[in-house]
1. Which one is least open to solvent (accessible area, probe 1.4 Å) among residues in segment 89-98 that are of a type outside the set (Phe, Trp, Tyr) and assigned to a loop (DSSP other than H, G, I, E, B)?
2. In segment 9-29, what count of residues is obtained for those that are in a helix (DSSP H, G or I) and either surrounded by 19 or more Cβ atoms within 10 Å (Cβ to Cβ) or touching a residue at least 24 places away in the same chain (Cβ under 8 Å) (or both)?
3. Taking segment 269-278 as the region of interest, how many residues are outside any loop (DSSP other than H, G, I, E, B) and open to solvent by less than 10 Å² (accessible area, probe 1.4 Å)?
4. Open to solvent by 60 Å² or more (accessible area, probe 1.4 Å) and not aliphatic (A, V, I, L, M), is that true of Ser107?
5. Give the residue, chosen from Ser219, Ser232, Ser208, that is outside any helix (DSSP H, G or I) and farther than 24 Å from Ile92 by Cβ.
6. If I filter segment 42-50 for residues that are open to solvent by 70 Å² or more (accessible area, probe 1.4 Å) and either of a type in the set (Phe, Trp, Tyr) or free of Cβ contacts under 8 Å to residues at least 24 places away in the same chain (or both), do I get at least one hit?
7. Just give me the residues in segment 279-303 being open to solvent by 20 Å² or more (accessible area, probe 1.4 Å) and either part of a helix (DSSP H, G or I) or in contact (Cβ under 8 Å) with a residue 12 or more places away in the chain (or both), in sequence order.
8. Look at Asn17 and say whether it is closer than 30 Å to Lys285 by Cβ and modelled with pLDDT of 95 or more.
Amino acid sequence: MDRAEFLRRFSAMSRFNEQRLNRALQLTPKHVADFLQLLPILLHYNDPRIPGYSPHDVPFGIDLFSPNAQQRRYLLEKGVDPDAAMEPRYPIYALYTMGSTSSIAQSLHSDLDIWVCVSKGLPFHEHSLLTEKCRFISAFAKSRGAELNLFVTTEDRFISGEHGTMDTEDCGSAQSLFLLDEFLRSSIRLCGRYLSWYMISVEEEQTSYQHYLEEFYASPFINRNEWFDFGSVAKCSPVEYFGSGLWLVYKGIDHSFKAVLKILLMEAYANEYPHTSLLSMELKKAIYTKSTYSLHHDAYYLMYRKVNNFLMQTGDFSRLELAKQCFYLKIRNSIEGLAQSRILSLRKKFLRRLAL
């Protein structure tokens, strides 16, 4: 990759992230948006004057983070020097949201799933302390009316094969590639390092991801300490389809509409094996070919379109109607309480099209 191609890809990636973030904030209640402004501070500093302080050796500090004017005012009001934490590198790489945030399914009541991405060199006891701190921050956010779920995610989680405990928020060992697939197609960078996966083209990823990743890192115009990697999704294993389906049935207890669509997505993926076209790969293509944000960049619409095409091709019209109803109801629920706006008008127009 030469410098011109790097700048083209980086510009497209950054523009896409900014468009997604702006779209998400338009639908985020003010008290939740205010807490999102506070969140990086709680993880970048560890000071007794700031909520979340721990007297133990809890890791703190986010790479590439510099407080903005609003965050600096908050720190100064607390008597904390905004420039006190100034190190070349930190254990926390970045903060990324994932899930329905910014998608057509985001509502005023949507919770936020945020990955606290950390170095693979973080010792186990420090990882545990940071996880404990994140639990406190989630509880603190809830006390202020914001539903935030923080997940400490090690950069080699999807490479090492180590997973958490299965519950309605974490798939444990039931799946890893498809959790990464969902993260990559729905994530928004809040602050910190950039994800290098976006800089490897679909063709390069399918050919030899590791080769092109190392070539990218070796480029003279790349600062390795500004990037991190979760690995590739190109090589999927059929074993994961079954595990993913089981976990989604479990997840469906609380989120039935979404779970039905995801179970059908697993079936669509399995139907394409061994030439499965994962949604994250389709999104990456769209980022570099469609400069204006559209439904082609929407994680939920991409999922519905994939399921719709699969069921149409197989002639399974009864389940196609079920998928359509689940998608309709999911979007219908997302517009409740929305003020009159362009987003509300577009969603109502889309719902009318679905109802035909």
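The values are calculated or read from the model by the stated rules, or taken from the named source; none is laboratory data. On a predicted model such as this, the values are computed, not experimentally measured, just so you know. Ideal geometry is used to build each Cβ from the backbone, glycine not excepted, and the neighbour counts take in all protein chains shown. Calculation scope for accessible area: heavy atoms of the full protein, side chains included, ligands and nucleic acids excluded. Shrake-Rupley method; radii C 1.70, N 1.55, O 1.52, S 1.80 Å.
1. Only one residue fits best here, namely Pro91.
2. Of the residues in segment 9-29, 14 are in a helix (DSSP H, G or I) and either surrounded by 19 or more Cβ atoms within 10 Å (Cβ to Cβ) or touching a residue at least 24 places away in the same chain (Cβ under 8 Å) (or both).
3. Total meeting the criteria: 1.
4. The answer is no for Ser107.
5. Ser219
6. Scanning segment 42-50 turns up at least one residue that is open to solvent by 70 Å² or more (accessible area, probe 1.4 Å) and either of a type in the set (Phe, Trp, Tyr) or free of Cβ contacts under 8 Å to residues at least 24 places away in the same chain (or both).
7. Glu282, Lys285, Tyr288, Thr289, Ser291, Tyr293, Leu295, His296, Tyr301
8. When the stated conditions are applied, Asn17 passes them.
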